[in-house]
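K.L.:
One structure follows; several queries about it will come next.
Nothing in this text is a laboratory measurement; each read-out follows from the coordinates by a stated rule. Predicted model only: the values in this text are computed from it and were never measured. Glycine also receives a Cβ, built like all others from the backbone with ideal geometry; neighbour counts cover every protein chain displayed.
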Amino acid sequence: KILTDSMARMRHVPLWSLTFLLLACLPSETDALAVMSVDLGSESMKIAIVKPGVPMEIVLNKESQRKTPVTVALKENERLFGDSAMGMSIKNPKIALRYFQDLLGKHIDNPQVTLYRWRFPQHELVKDERRQTVIFKLSHEMQYSPEEILAMVLNYSRGLAEEFAEQPVKDAVITVPVYFNQAERRAVLHAAQMADLKVLQLINDNTAVALNYGVFRRKDINATAQNIMFYDMGAGSTVCTIVTYQTVKTKDSGTQPQLQIRGVGFDRTLGGLEMEYRLRDYLVKLFNKQQPSKDVRQNLRAMAKLLKEANRLKTILSANADHAAQIEGLLDDVDFKAKVSRQEFEDLCSDLFQRVPGPVLQALSSAEMNLDEIDQVILVGGATRVPKVQEVLLKAVGKDELGKNINADEAAAMGAVYQAAALSKAFKVKPFIVRDAAIFPIQVEFTREVEEQDKSKSLKHNKRILFQRMAPYPQRKVITFNRYTDDFEFYVNYGDLAFLSQDDLQAFGSLNLTTVKLRGVGDSFRKHSDYESKGIKAHFNMDESGVLSLDQVESVFETVVEDKPEEESTLTSKYTEEEESQAEAGKEDQGEKQDQKEGEGTVSEEQGEEKQQPSPMQDKTETIPPEAERQEEKEEGEKTASQDLTVRDLEKQEREKSANSLEAFIFETQDKLYQEEYQFVSTEEQRGEISRKLSEASNWMEEEGYRATTKELKEKLSELKKLCRSLFFRVEERRKWPDRLNALENLLNHSNIFLKGARMIPEADQIFTEVELSTLEKAINETVTWKNETLAEQNKLPPTEKPTLLSKDIELKIAALDREVQYLLNKAKFAKPRPKKEKNTTKTDSGKNATAPPDSEKIIPPKEEKGEGEEATLGDQSGPDTGRDSFV
């Protein structure tokens with residue numbers, strides 16, 4: 001494009017670029033196509049996968065269960081997960097870590113940390129002096145942050161998924177509670193990075209539930225909006241979500257279903273776990289009353305047993321009016337038994353049940369809706385099975401009934417794995433538009449000097465909203481600063497959180513997200529003093545995971561070119577259009593956005609164009625504070641520690657596998673020595689030698705095997721296999737002889753019949769040459785001779801010697817003879833019959849010769865036959881598209 005004299009030329013000078021605490025996941029170079037989801041609940045997790053040929057499916061763990069406890073038991077030299085770790089939480093409560101997600105991104109003085117210490121007094125929580133966060137101290141050598149513990153769990157979940165999918169899995173969608181703030185979301189991403197997982201998206205668990213509900217009711221969604229309320233009470237918290245379903249028109253895909261998160265309310269500590277603690281403390285009182293001389297609260301193992309029994313009791317009382325709690329040998333071999341009624345349980349939790357309507361009211365308030373606009377209320381989460389919860393909720397929402405037509409435990413995992421398939425390049429799924437919402441507003445704050453009427457100067461504090469409460473994301477925003485000509489700083493903070501309770505506000509943590517210090521502003525203005533400043537622009541992005549980042553900050557200058565027309569660069573054109581679009585956006589909101597020359601801190605939506613890279617002419621100053629460098633060092637150290645533990649786990653698994661293989665070989669071979677077919681091909685002396693070596697290996701396993709390395713175990717197994725190789729070979733050969741010899745005999749019979757039939761063909765119709773028939777006859781005779789001679793020689797040998805009749809030789813003879821027969825069969829199949837010669841050559845009515853000359857006769861090569869159904873390609877299918885050509 002050519003600039004005219006009157007056109008303005010734009011120069012964009014990037015000043016500073018920083019993505020604060022953004023954990024980037026590089027694309028994997030694996031060919032694996034399977035993707036997974038992890039629904040990280042407070043108490044347990046559900047894992048789901050999608051792989052080519054297999055639709056969405058829940059992964060079974062090693063105990064063949066559909067959900068796995070989120071528990072890690074850390075010993076000195078090994079880690080236990082899932083049910084094994086849960087068992088350890090009773091035997092040794094100090095090393096079994098549970099419910100640690102509540103500590104992610106929390107400072108040591110956070111009320112959530114105080115609550116955790118009360119619930120789990122067996123764990124020592126110490127302060128991370130650099131980050132002011134929490135560390136689990138199991139011993140002087142074993143100290144782990146909650147992020148490291150979560151990384152271990154995610155790595156274990158991937159192992160389960162890979163074993164179930166039978167292929168590597170790298171890509172995942174992970175669910176997080178909707179109330180997780182920026183620090184908590186980054187903590188989860190950091191944990192996934194340590195586990196070497198590529199996070200396609202962090203999806204809010206309530207959004208995943210809503211997506212699962214919508215996907216399976218796609219046909220019921222139309223242009224009329226349907227408002228569904230999901231009430232999710234799990235083990236640790238309660239979330240109420242209002243979702244609007246309807247079809248919308250899109251540019252690329254036509255009319256598609258959409259879900260939009262309209263309102264959210266939550267209670268971070270209202271859940272099944274708090275009910276269990278009420279029951280546990282009640283059982284403590286009953287036991288201490290039965291045994292006045294003892295105090296069960298002083299024994300960690302006994303308290304862990306009571307908490308486990310409280311969990312069981314809560315579940316049973318949901319279906320029964322009363323039940324007896326009983327624990328054998330609870331304390332000092334004293335058994336405990338006490339009857340508890342549902343009424344007693346409800347009295348213990350009466351204040352908790354009063355909090356049930358709270359999230360409903362919050363959700364309605366944030367959505368600016370009333371209950372009359374809600375079409376249906378659907379229950380999600382295990383704790384909603386408590387009858388009193390349903391009773392109170394039903395009264396609060398004023399409906400005739402509560403919806404129970406969704407899998408309360410697995411809906412989030414299934415919704416998340418659908419999103420994983422949609423985000424993965426390996427699958428093609430039917431579009432379902434998801435419009436999530438950020439429940440915490442975010443704003444930019446800055447201070448600048450202003451001149452008063454009396455010519456004095458004062459500081460003015462400004463606030464500009466980047467994202468309102470319930471603002472949809474992903475979304476990009478740009479804020480423009482017009483009045484700064486030198487280095488300055490601004491703050492990214494949370495906005496008005498008055499809708500949170502005092503307890504939630506304290507648990508929320510710091511309201512400051514980050515402080516951005518810009519350097520090089522003054523240098524930029526001095527360097528481009530001839531140009532008119534169009535402001536300093538900060539580009540923000542809230543991605544699909546709800547994580548905010550500052551992509552870049554740039555200064556923009558403008559000048560008028562009066563000399564000669566000049567070709568406009570791609571960069572110039574792009575940013576000119578961007579300024580025009582931002583100016584248009586500024587007209588829409590006169591209350592907040594003013595003219596750039598008069599106002600300060602203009603906020604606008606950024607158009608979805610891809611950023612150009614800075615040109616060599618542009619100045620760029622990038623500053624990374626020392627805190628960020630130390631953060632990277634800390635994260636690298638955590639990743640290394642996690643990787644070391646993972647390597648140790650793999651080594652342990654490999655050693656156990658080797659030990660099991662050696663043990664199995666010893667037992668199986670000892671048994672074989674007494675079987676008739678093995679005794680027939682071996683001498684007593686040979687069996688005695690093998691038996692002695694097996695006994696020695698068995699004794700070695702019992703006495704020294706527990707200390708043996710993987711290498712030693714493999715070497716011992718290799719030594720025993722070498723010793724038994726000839727014995728196993730003789731047995732295996734005799735097993736194969738009958739079938740192989742029978743197949744050879746059948747082929748010889750059929751070949752002879754075919755040869756005789758071929759020789760009986762009249763000379764006029766003969767399609768085989770004498771050479772071809774003689775070659776077949778020779779092959780038959782040689783095969784018969786070899787068979788007879790080899791069998792005679794084999795019969796002379798004792799069965800304890802190495803056989804001369806080998807199954808592989810029989811197979812070679814069969815293959816050689818079969819080739820000769822197949823050649824002649826194919827020739828006969830596709831040969832054309834010879835035309836009969838007539839004495840006089842006659843012509844047809846068309847004047848053409850009725851017969852072709854003899855030398856025109858040819859053998860037509862065989863056409864490739866189509867397999868049954870080969871022409872039917874896979875078309876529209878309900879399962880995921882693997883991106884490959886497929887046939888049925």
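K.L.:
Counting other C-beta atoms within 10 Å, and keeping those with at most 12, which DSSP coil GluC sites (Glu not before Pro) do you find in the stretch 376-430?
P.N.:
Filter output for the stretch 376-430: GLU401.
K.L.:
Return the FRET efficiency for the residue pair SER695, TYR277: r is the Cβ-Cβ distance, R0 is 51 Å, and the value is rounded to the nearest 0.05.
P.N.:
0.35
K.L.:
Between the stretch 107-180 and the stretch 184-254, how far is it from one alpha carbon centroid to the other, in angstrom?
P.N.:
24 Å
K.L.:
Okay, next question. So how much slack lies between LYS736 and GLN376, counting 0.36 nm per residue of separation and subtracting their Cα-Cα distance, in nm?
P.N.:
Computed gain between LYS736 and GLN376 is 122.8 nm.
K.L.:
Using a 7 Å offset from the Cα along the Cα-to-Cβ direction at both GLU684 and GLN354, what is the distance between the two label points in nm, to one decimal?
P.N.:
Reported label-point gap for GLU684 and GLN354 is 9.0 nm.
K.L.:
Over the stretch 649-731, what portion of Cα pair distances is larger than 19 Å, expressed as a whole percent? If you can, show how the numbers build up before the last one.
P.N.:
Details: 1272 of 3403 pairs.
That fraction is 37 percent.
K.L.:
By how many nm would the segment from LYS75 to LYS455 grow when fully extended, if each residue of separation counts as 0.36 nm and the alpha-carbon distance is taken off? Please report the intermediate quantities before stating the final value.
P.N.:
Working: separation 380, 0.36 × 380 = 136.80 nm, distance 7.06 nm.
Contour length minus the Cα-Cα distance gives 129.7 nm.
K.L.:
When ranked by the protection proxy of mean other Cβ atoms within 10 Å per residue, highest first, what sequence do the peptides 193-202, 674-683 form?
P.N.:
Listed from highest to lowest mean packing, they are 193-202, 674-683.
K.L.:
Take every Cα-Cα pair in the stretch 737-830 and report what % of them are more than 18 Å apart.
P.N.:
Of all Cα-Cα pairs in the stretch 737-830, 50 percent lie more than 18 Å apart.
K.L.:
A follow-up question, please. Find out how many positive minus negative residues lie around ASP436, taking Lys and Arg as positive, Asp and Glu as negative, among other residues whose Cβ is under 12 Å from that of ASP436.
P.N.:
Details: positive: ARG262, ARG435; negative: ASP205, ASP543, GLU544.
Local charge sum for ASP436: -1.
K.L.:
What ranking do THR244, THR804 get, fewest neighbouring Cβ atoms within 10 angstrom at the top?
P.N.:
Ordered from fewest to most neighbouring Cβ atoms within 10 Å, THR244, THR804 come out as THR804, THR244.
K.L.:
How many nm is it between the label spots at ALA831 and GLU141, if each spot is 7 Å from the Cα in line with the beta carbon?
P.N.:
8.3 nm
K.L.:
Which pairs break 23 Å Cα to Cα here: LYS67/LYS388; LYS693/LYS722; LYS198/LYS652?
P.N.:
LYS67/LYS388; LYS198/LYS652
K.L.:
Could you work out how much longer the chain between ILE433 and GLN822 gets when fully extended? Use 0.36 nm per residue separation minus the Cα distance between them, nm to one decimal.
P.N.:
Gain on extension, ILE433 to GLN822, equals 134.1 nm.
K.L.:
Another one. Could you work out the relative contact order of the stretch 284-378? I mean the mean sequence separation of Cα pairs under 8 Å and 6+ apart, divided by the number of residues, in percent.
P.N.:
Averaging sequence separation for qualifying contacts and normalising by length gives 16 percent for the stretch 284-378.
K.L.:
Still on this structure, I have one more. Using the Kirkwood formula on the Cα atoms of the stretch 272-354, what hydrodynamic radius do you get, in angstrom to one decimal? Don't skip to the end; give the middle numbers.
P.N.:
On the way: mean 1/r = 0.0781 Å⁻¹.
For the stretch 272-354, the Kirkwood estimate is 12.8 Å.
K.L.:
By the scheme Lys and Arg +1, Asp and Glu -1, what is the net charge of all other residues having a beta-carbon under 12 Å from that of ALA498? Spell out each step's value before the answer.
P.N.:
Working: positive: ARG469; negative: ASP496, ASP504.
In short, -1.
K.L.:
What Kirkwood hydrodynamic radius do you get for the stretch 640-787 when you take the inverse of the mean 1/r over all pairs of distinct Cα atoms, in Å? Each step should come with its number before you reach the end.
P.N.:
Details: mean 1/r = 0.0488 Å⁻¹.
About 20.5 Å for the stretch 640-787.
K.L.:
On to the next question. I'd like to know which of LEU330, MET369, LEU283 lies farthest towards the positive end of the charge dipole of the stretch 279-381, counting +1 on Cβ of Lys and Arg and -1 on Cβ of Asp and Glu.
P.N.:
Value computed over the given set: LEU330.
K.L.:
Now for a different question. Cross-link list LYS62/LYS404; LYS94/LYS305; LYS756/LYS829; LYS91/LYS127: which exceed 22 angstrom alpha carbon to alpha carbon?
P.N.:
LYS62/LYS404; LYS91/LYS127
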